[in-house]
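The values are calculated or read from the model by the stated rules, or taken from the named source; none is laboratory data. No experiment lies behind these values; they were computed from the predicted model shown. Please note: Cβ atoms are built from the backbone with ideal geometry, for glycine as well, and neighbour counts cover all protein chains shown. With ligands, DNA and RNA removed, areas are computed over all heavy atoms of the protein, side chains included. Shrake-Rupley method; radii C 1.70, N 1.55, O 1.52, S 1.80 Å.
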Amino acid sequence: MPQPPDFDVAIAGAGIVGASAAWHLAGAGLRVAVIDAVGPAAAASGASDGAVSVASKKPGPLARLASAALLYTRVLSQGGPLEGAFHARPSYVFGQGEAELAAMDALIAKLGQIAGPVRVVADGGRGLLPGLGDSVERLVVLDGEGHMPGHKAVRAYLARPGITPVWPAHIHAILPDDTGVTVDLGDRRLRAGRLVAALGVSTRDHFPDLPVLPRAGQLFVTDRGPADALPGSLTAAAYLLAKTETPAAARLPPVVIDPLVTGQFIVGSSREDHGDPSQVDFATLRRLMGRAVDAFPALAGRRVIRAFAGIRAAVADGLPIVGPLPDAPHVLMATGFEGDGICLSALIGAEVARMARGLGPSDGIAADLAALSPLRFTPSRQEGRA
Ligand SMILES: Cc1cc2nc3c(=O)[nH]c(=O)nc-3n(C[C@H](O)[C@H](O)[C@H](O)COP(=O)(O)OP(=O)(O)OC[C@H]3O[C@@H](n4cnc5c(N)ncnc54)[C@H](O)[C@@H]3O)c2cc1C
């Protein structure tokens, strides 16, 4: 017979998604353990840019959920855990050439359909923002988005009383049964009523039937300079193309330049189909740097002080996986956020916490959240579709 639960909910993974779920569950008075092989923000959440962006999201459920997530992130940053982690700033999308300019038209149409917190305030030439390079043919200026370093948000969420940290502790096996879940940590076992599996790219170690694939991304950070050198993020429209059905159209590097509150810039990021975070190479960085400097020549005077890679957890159909496993309903999946997890984390943490408490989704997002269900990968569903 399984032992009685040590915790109401065990969270596997102390990335931003697991940390947000833990914060929401502890706030509802549940006994929560967060288990991580290394510690907080050890994987993608500590190696990302941190743009909280609706503009960059794939059209459809993801873009609408990102819009709701942005609104909720703002709420949590006003006297809540994300105060000091999230900051609002304008976003600029630039483009050159036919494919990028068409992607900018699609962006404006998408934001118009969502009618959410992000609005287009200007659409014109490079003259809209001082300091842009000659290669920039068109600039769209957006208001309403922001930036949030993943590691800051993770630490803020996990500081909530009522969360039991369990790290470093490698999860060897996740063993669900009819009444709960046992987690095998090698030297001991931990029992919980439910488990939230927020394991990022390591999802495939425990749930090999789910089509989660590694997608590496390289980034670099510059030295400090005037904090107001660039008032907001500068994103190549190729980045929007990279997230559509026709990523091959993104022939130019999908660079994103984000100014940090320290006066540094974080510049990213490549998209590579492998899972090795130690692969950082000059050729890839030079491609990113080249386009970044073309778009914003003042960058040429900055020194690169750090380059690194992170691994995104990508899903075959481009949507995250969120919800109970059909054959093990005490296991709630929250994974596959690819390049969108920082943006979505506040909302997803809240919704996963609702699921763990047996509550339905928040108002207005039920259909979009249902589109993320792991049910879409069950063989019977797939046969039904064929
Ligand atoms: C280069 C790059 C740029 C990005 N830019 C952005 C951006 O601008 N905006 C945005 O919204 N998103 C961005 N992302 C994506 C974002 O970082 C991720 O979607 C998000 O961090 C995923 O969080 P997570 O909690 O799901 O997973 P992770 O942060 O990967 O956390 C998973 C955790 O599980 C732990 N773990 C794994 N296996 C085990 C095990 N067996 N036992 C115990 N613990 C285990 C790991 O140690 C890790 O801490 C970017 C990602 C990359 C790589």
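Things worth noting here:
- The modelled label-to-label distance for the pair Asp177/Arg119, using points 7 Å beyond Cα in the direction of Cβ, is 5.7 nm.
- Cα gyration tensor, the range 1-54 - rounded (a/c under 1.5), prolate or oblate: oblate
- Seen through its C-alpha gyration tensor, with square-root eigenvalues sorted a ≥ b ≥ c, the range 57-100 comes out oblate because a/c lies at 1.5 or above while a/b is not bigger than b/c.
- Scaled against 2.2 N^0.38 Å for its residue count N, the alpha carbon radius of gyration of the range 56-179 is 1.44.
- Convex hull volume of the range 283-334 per residue (C-alpha atoms, cubic angstrom): 152 Å³
- Mean residue ellipticity (222 nm) of the chain, computed from DSSP H runs ≥ 4 via -39,500 (n - 2.57), nearest 500: -8500 deg cm²/dmol
- Qualifying trypsin sites (Lys or Arg not before Pro) in the range 289-381, DSSP loop, other Cβ atoms within 10 Å at most 10: Arg303
- For the chain, a simple Cβ point-charge model (Lys and Arg +1, Asp and Glu -1, everything else neutral) yields a dipole of about 480 debye relative to the Cα centre.
- Ordering Thr222, Thr179, Thr244, Thr284 by accessible surface, largest first, gives Thr179, Thr244, Thr284, Thr222; the 1.4 Å probe counts only protein heavy atoms, with every chain in place.
- Whole-angstrom gap from the range 11-72 to the range 118-175, using each part's C-alpha centre: 11 Å
- The tail of the calculated P(r) for the chain, taken as Cα-Cα distances beyond 31 Å, holds 34 percent of the pairs.
- Charge dipole of the range 110-206 (Cα centre as origin; +1 on each Lys and Arg Cβ, -1 on each Asp and Glu Cβ, all else neutral): 280 debye, rounded to the nearest 20.
- Mean Cβ count within 10 Å, highest first, over the residues of peptides 6-15, 160-169, 210-219: 6-15, 210-219, 160-169
- Segment Ala300-Glu83, length gained on full extension (0.36 nm per residue, minus Cα span): 74.8 nm
- Anisotropy class of the range 321-369 from Cα gyration tensor, a/c 1.5 cut: oblate
- Residues Tyr72, Tyr92, ordered by accessible area of protein heavy atoms at a 1.4 angstrom probe radius and largest first, appear as Tyr72, Tyr92.
- With q set to 0.22, 0.29 Å⁻¹, the log10 of I(q)/I(0) for the range 83-126, from the Debye formula over equal scatterers at the Cα positions, is -0.85, -1.15.
- DSSP beta bridge pairing in the chain, given as percent antiparallel to the nearest 5: 70 percent
- Directionally averaged projected area (the range 202-328, Cα convex hull): 9.3 nm².
- Around the Cα centre of the range 306-385, unit charges on the Cβ atoms of Lys, Arg, Asp and Glu (plus for the first two, minus for the last two) sum to a dipole of about 160 debye.
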